[in-house]
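Just below is one structure, and these are the notes that go with it.
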Amino acid sequence: MTASAPAPRPDTLRRGRVAVVLWLLALAIGAWVIAHTRFSADLSAFLPAAPDARQRALIEQLKSGVAARTLLVGIRGGEAAQREAASRLLAQRLRADAAFEQVLNGDFAAFAAVGRWVFDHRYQLSPAVDARHFSAQGLRDAIDDTLALLGTPAGALVKPLLDRDPTGEAQRIAEGAVAGGGPRSVDGVWVSRDGSRTLLMAQTRADGGDLDAQAHAIAAVRAAFAAVVAPGLELQLTGAPKFAVDSRTQIEAETRWLAIAGGVLMSSLLLLAFASLRALGAALLPVATGIVAGIAAVSLWFGSVHGATLGFGTTLIGEAVDYAIYYLIQARGGAGTVGPGWRRWVRDGWPTVRLGLLTSVCGFLALAFSGFPGLAQLGVFSIAGLVAAALTTRYVLTVWLPDGTRGVGARRALGRLAARLVHVLPHARHAFTALALATLALLVWRHDRLWQTELSSLSPVPAAALALEADLRHELLAGDERTMVAVSGRDAEAVLQAVEAVGQRLDALVGAGTLTGYEAITRWLPSAAAQQRRRAALPDAPALQAALAQALAGSALNANRLAPFVDDVQRARTAPPITMTALADTPVATLAAALWVRGGDGTFTALVPAWRAPGRAGDHAQRTLEHALRDLPAAQVFNVGDELRRLYRHYSDEAQRQALWGALGVVVLMALWLRSPTRLLAVCKPLAVAVVLTMGGFALLGVPLGILHLVGLLLVVAVGSNYALYLDMLQHQGAPDHDTLASLLLANLTTVLSFGLIAVSQIPALSAIGRVVAPGALLALLLAAAYAVRHDGAVRAHGAGPVRGKIARPDTPPGAP
């Protein structure tokens, strides 16, 4: 018979009430924090925090630069005239919408404001301005070149400016800005190379991170197109804003689906196992507490919570409920038990649960220290959630259900199944070892194809959407935009001067035909030194008039006609310098912002895209650039795609180091607890084999492993260590009954199902982890049982010491001697 439990002591009751009050207070504080939390779903959370200046500039542009707020538009179908008309009408409507800062479709009218600003500042911007340029000979040469253009198609543009700009400074600046070419233009409308669609670019006014504003802008494009569309025309819309908005919608939908599906799945499984609504409610208490604690911790640490973090909460359901399962089943009384169940569990079961918690925390620390902010959120969420769930189990459930749950449900069947597995699987341990060795050989053979190297592997954007964006970007941009020069420094003026030095070298490459052109911020913001030199080169009125008289001697152009030119030069001599602050409210602000990044550490980085000439191999062009800039230490040449891959490899290497440290932390914790090298080796062996077999499965499927898979493998070690430790406890602490085995199997099922649920998610950050942990956790349990050997009715780790506890054979009734 079960001995009657003694009445709880007053101090025990008092401590229990205090624990419950503190728990309720913590929940209230957590709920208040969540109520004031900002939730986000932008893709930038899964962009790494770049380690050096040029990578920081590149990532910053991807997150919030011009690229992050540029929509690419294509119109196809119908007749060419219909597409061109639709392009003009669509651009007209969008320009009238305050949501857009700039809309370009090949119509020169769109550049009118830029042209006026350039014309007004031409003597500060033109690289030709020097003392010789304004000598009599220099003026003669420049004016002759301008007059020669009057008989060309460009004459219509030059003639109205002749009186004020006879030296052609505005024309020279414009030629430099478009030297790289551009989209094909037909009747003032951009069209694709094959003529099958018209093209537009629309830059939104809002920051790229303001997804509500970006969603409004996308809706405005669709509405404007619907208003101007002709029969048979189709809108193609892509770009970073659309990717971000679509991803937010997807993440929000999946978060809701995962939360609902996870809750229903876990509740159904627990209800089936316990056959008790009270036990179900008790099991969900640690889960709910963990989710509240996790969200609140992320909010306090990061200032906002990403939607993918909430989706990851589904896995927390599966692992946090394990603590409740262990308690509710193991604390129930059975034949021969003495004392309250909670006290017995605190003595026998809680130490192992606590150690399992610490090993899980070690695993999730690899996420918390990740260079990807989104993954770091997942780590903090999981650590806070698991700690809160474990403490709730220890101090709240022991008060609410001091003797666990009496419901039987499917628990007895689970216990018999678990006992049979523990009895049978050790016979297959040699087969598992052979399979692991063969898998290890496979991994060594495929080592060069084992790891993912593309940052795009983290992107939830469908391949078809990426292909459309690449296609339109190739049509709209001037050429091969992947080659970039980055110039960085802590002094803005020094960086601008270095960019001007880079520009001189690139001009030579353009002249040699290696490049078709380049873009630099110094076209719009020359260094202060360059502006001062140009201003000093401008002659006063008498000197300029005298030089003009000599330059125009024998010319049909009368010097008196150029009086506006003389006046403009005099105004330029006293004009205030152009500064980054002064550019902010000008028509060229967008052009400058795309090329200039100010880092959070006080550094400035100028990006100089360079377009290689058609037929030139990318590697050859890059090597030529590197050679041309070899003596400019501030300038670094890189390929955008290669740089992103290098950045990903950097964080992949970092993640591997973190994973190794995490795994080492798990091993050290177990070593300190077990205090036996033999037992430690026996506990670690199934974990190592589980990792190897999981990796081998991905290798056989041809799926390369990335950072997220690596994190999943570490979680397999952290979660699997719980099973190995419990089987070790069963051997050495004398508590190996069917109920304890049932709790192990049920806990494993909840973990496998929760991670299996996110394995089908369309969010790569979740699905990659789920696809590793779901099979890996199942393997960890089976292997932990396989590497435990039964001897005289006992379960002990293979090679471990004396047996202290026994597990009944699967056909022995629970409670039998």
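The values are calculated or read from the model by the stated rules, or taken from the named source; none is laboratory data. What you see is a predicted model, and the numbers here were worked out from it, not measured in a lab. All Cβ positions, even for glycine, are placed from backbone atoms using ideal geometry, and neighbour counts span all protein chains on display. These area figures cover heavy atoms from the full protein model, side chains too; ligands, DNA and RNA do not enter into them. Shrake-Rupley method; radii C 1.70, N 1.55, O 1.52, S 1.80 Å.
Looking only at segment 160-191, filter to residues that are within 30 Å of D568 (Cβ to Cβ), open to solvent by 30 Å² or more (accessible area, probe 1.4 Å) and of a type in the set (D, E); which one of those is modelled with the highest pLDDT?
Among them, the one singled out is D163.
For segment 264-284, which residues satisfy the criterion of being open to solvent by less than 40 Å² (accessible area, probe 1.4 Å) and either among the hydrophobic types (A, V, I, L, M, F, W, C) or outside any helix (DSSP H, G or I) (or both)?
Keep residues of segment 264-284 that are open to solvent by less than 40 Å² (accessible area, probe 1.4 Å), which gives 266-267, 269-270, 273-274, 276, 279-283.
Correct list: M266, L269, L270, A273, F274, S276, A279, L280, A282, A283.
What helices (runs of 4 or more DSSP H), lying completely within segment 495-586, carry at least 3 residues that are open to solvent by 60 Å² or more (accessible area, probe 1.4 Å), closer than 18 Å to I173 by Cα and touching a strand residue (DSSP E or B) at 6+ places or on another chain (Cβ under 6 Å)? I'd like the intermediate steps shown before the answer.
Working: elements: 528-537, 541-551, 563-573, 580-583.
Filter on segment 495-586 gives an empty set.
When segment 520-572 is examined, which residues are found to be touching a residue at least 60 places away in the same chain (Cβ under 8 Å), under 15 Å from D165 (Cα atoms) and among the β-branched types (V, I, T)?
Within segment 520-572, V569 is the sole residue that qualifies.
Could you tell me whether any residue of segment 120-131 is part of a helix (DSSP H, G or I), modelled with pLDDT of 85 or more, hydroxyl-bearing (S, T, Y) and touching a strand residue (DSSP E or B) at 6+ places or on another chain (Cβ under 7 Å)? Before you say what the answer is, go through the steps one by one.
First pass over segment 120-131, keeping only residues part of a helix (DSSP H, G or I): 120, 122-125.
Restricting the remaining residues to those that are modelled with pLDDT of 85 or more gives 120, 122-125.
Narrowing further to those that are hydroxyl-bearing (S, T, Y): 123.
Subsequent filtering for residues that are touching a strand residue (DSSP E or B) at 6+ places or on another chain (Cβ under 7 Å) retains none.
Looking for residues that are part of a helix (DSSP H, G or I), modelled with pLDDT of 85 or more, hydroxyl-bearing (S, T, Y) and touching a strand residue (DSSP E or B) at 6+ places or on another chain (Cβ under 7 Å), one finds none in segment 120-131, hence no.
When D145 is evaluated against the numbered criteria (1) surrounded by fewer than 18 Cβ atoms within 10 Å (Cβ to Cβ); (2) part of a loop (DSSP other than H, G, I, E, B); (3) at pLDDT 80 or above, which criterion, by number, is the only one it fails?
With respect to (1) surrounded by fewer than 18 Cβ atoms within 10 Å (Cβ to Cβ); (2) part of a loop (DSSP other than H, G, I, E, B); (3) at pLDDT 80 or above, D145 is out only on (2).
Any chance you could count how many residues in segment 250-281 are in contact with a Ser or Thr (Cβ under 7 Å, 6 or more places away or on another chain) and of a type in the set (A, V, I, L, M, F, W, C)?
Qualifying residue count for the region: 7.
Determine, yes or no, whether P614 is modelled with pLDDT under 85, more than 30 Å from F134 (Cα to Cα) and within 51 Å of the chain's Cα centre (by Cα). Write out each step before concluding.
Working: modelled with pLDDT under 85: yes; more than 30 Å from F134 (Cα to Cα): yes; within 51 Å of the chain's Cα centre (by Cα): yes.
Taking the combined requirement at face value, the residue satisfies it.
Filter segment 234-250 down to the residues that are touching a helix residue (DSSP H, G or I) at 6+ places or on another chain (Cβ under 8 Å) and open to solvent by 20 Å² or more (accessible area, probe 1.4 Å), then identify the one that is modelled with the highest pLDDT. Reasoning before the result, please.
Start the filter on segment 234-250 by keeping residues that are touching a helix residue (DSSP H, G or I) at 6+ places or on another chain (Cβ under 8 Å), which leaves 235-248.
In the following step, the residues that additionally are open to solvent by 20 Å² or more (accessible area, probe 1.4 Å) were identified as 235, 240, 242-243, 246, 248.
Details: L235: 92, A240: 83, K242: 89, F243: 85, D246: 86, R248: 81.
Filtering segment 234-250 for residues that are touching a helix residue (DSSP H, G or I) at 6+ places or on another chain (Cβ under 8 Å) and open to solvent by 20 Å² or more (accessible area, probe 1.4 Å), the one modelled with the highest pLDDT comes out as L235.
Residue by residue through segment 691-709, note down the ones that are closer than 24 Å to E654 by Cβ and in a helix (DSSP H, G or I).
Within segment 691-709, the subset closer than 24 Å to E654 by Cβ is 691-692, 694-695, 698-699, 703-709.
The answer is V691, V692, T694, M695, F698, A699, I707, L708, H709.
Check segment 198-221 and report whether any residue there is part of a loop (DSSP other than H, G, I, E, B), at positive phi and not hydroxyl-bearing (S, T, Y). Walk me through how you get there before you give the answer.
So in segment 198-221, the residues part of a loop (DSSP other than H, G, I, E, B) come out as 205-210.
Filter again for at positive phi, leaving none.
No, there is no match, as no residue in segment 198-221 is part of a loop (DSSP other than H, G, I, E, B), at positive phi and not hydroxyl-bearing (S, T, Y).
Would segment 637-648 turn up any residue that is outside any loop (DSSP other than H, G, I, E, B), touching an Asp or Glu at 6+ places or on another chain (Cβ under 6 Å), open to solvent by less than 60 Å² (accessible area, probe 1.4 Å) and among the β-branched types (V, I, T)? Reasoning before the result, please.
Looking only at segment 637-648, we keep the residues that are outside any loop (DSSP other than H, G, I, E, B), and these are 637-648.
Still in the running and touching an Asp or Glu at 6+ places or on another chain (Cβ under 6 Å): 637.
Within this subset, residues satisfying the condition of being open to solvent by less than 60 Å² (accessible area, probe 1.4 Å) are 637.
Okay, now just the ones that are also among the β-branched types (V, I, T), so 637.
Yes, the conditions are met somewhere in segment 637-648.
Answer yes or no as to whether A202 is closer than 30 Å to F39 by Cα and open to solvent by 20 Å² or more (accessible area, probe 1.4 Å). So that I can check it myself, show each step before the final result.
Numbers: closer than 30 Å to F39 by Cα: yes; open to solvent by 20 Å² or more (accessible area, probe 1.4 Å): no.
No.
Could you list, in sequence order, all residues of segment 723-744 that are among the small types (G, A, S), in a helix (DSSP H, G or I) and modelled with pLDDT under 80? Give the steps one after another, and end with the answer.
Taking segment 723-744 as the starting set, the residues that turn out to be among the small types (G, A, S) are 724, 734-735, 742-743.
Within this subset, residues satisfying the condition of being in a helix (DSSP H, G or I) are 724, 742-743.
Listed by number, the residues that qualify are A742, S743.
Any residue at all in segment 251-263 that's within 25 Å of the chain's Cα centre (by Cα), under 14 Å from I383 (Cβ atoms) and open to solvent by 50 Å² or more (accessible area, probe 1.4 Å)?
No, that holds for no residue.
Step by step: first the residues of segment 66-76, then only those that are at pLDDT below 90 and open to solvent by 10 Å² or more (accessible area, probe 1.4 Å), then the one that is farthest from G232 (Cα to Cα). Which residue is that?
Within segment 66-76, the match that is farthest from G232 (Cα to Cα) is V66.
What residue, of T590, T605, is outside any helix (DSSP H, G or I), closer than 30 Å to H474 by Cα, of a type in the set (S, T, N, Q) and under 49 Å from the mean Cα position of the chain (by Cα)?
On the way: T590 fails: outside any helix (DSSP H, G or I).
Matching residue, one of T590, T605: T605.
Q762 fails exactly one of the following numbered conditions: (1) in a loop (DSSP other than H, G, I, E, B); (2) closer than 30 Å to V444 by Cα. What is the number of that condition?
Going through the list (1) in a loop (DSSP other than H, G, I, E, B); (2) closer than 30 Å to V444 by Cα, Q762 breaks only (2).
Output the residues belonging to segment 198-222 that are among the polar types (S, T, N, Q) and within 23 Å of the chain's Cα centre (by Cα). I'd like the intermediate steps shown before the answer.
Kept after step one, since they are among the polar types (S, T, N, Q), are these residues of segment 198-222: 198, 203-204, 214.
Across segment 198-222, the qualifying residues are Q203, T204, Q214.
Quick one: which helices (runs of 4 or more DSSP H) lie wholly within segment 403-489 and hold at least 3 residues that are at pLDDT below 85 and over 30 Å from G341 (Cα atoms)?
On the way: elements: 411-424, 429-445, 463-476.
Here the list reads 463-476.
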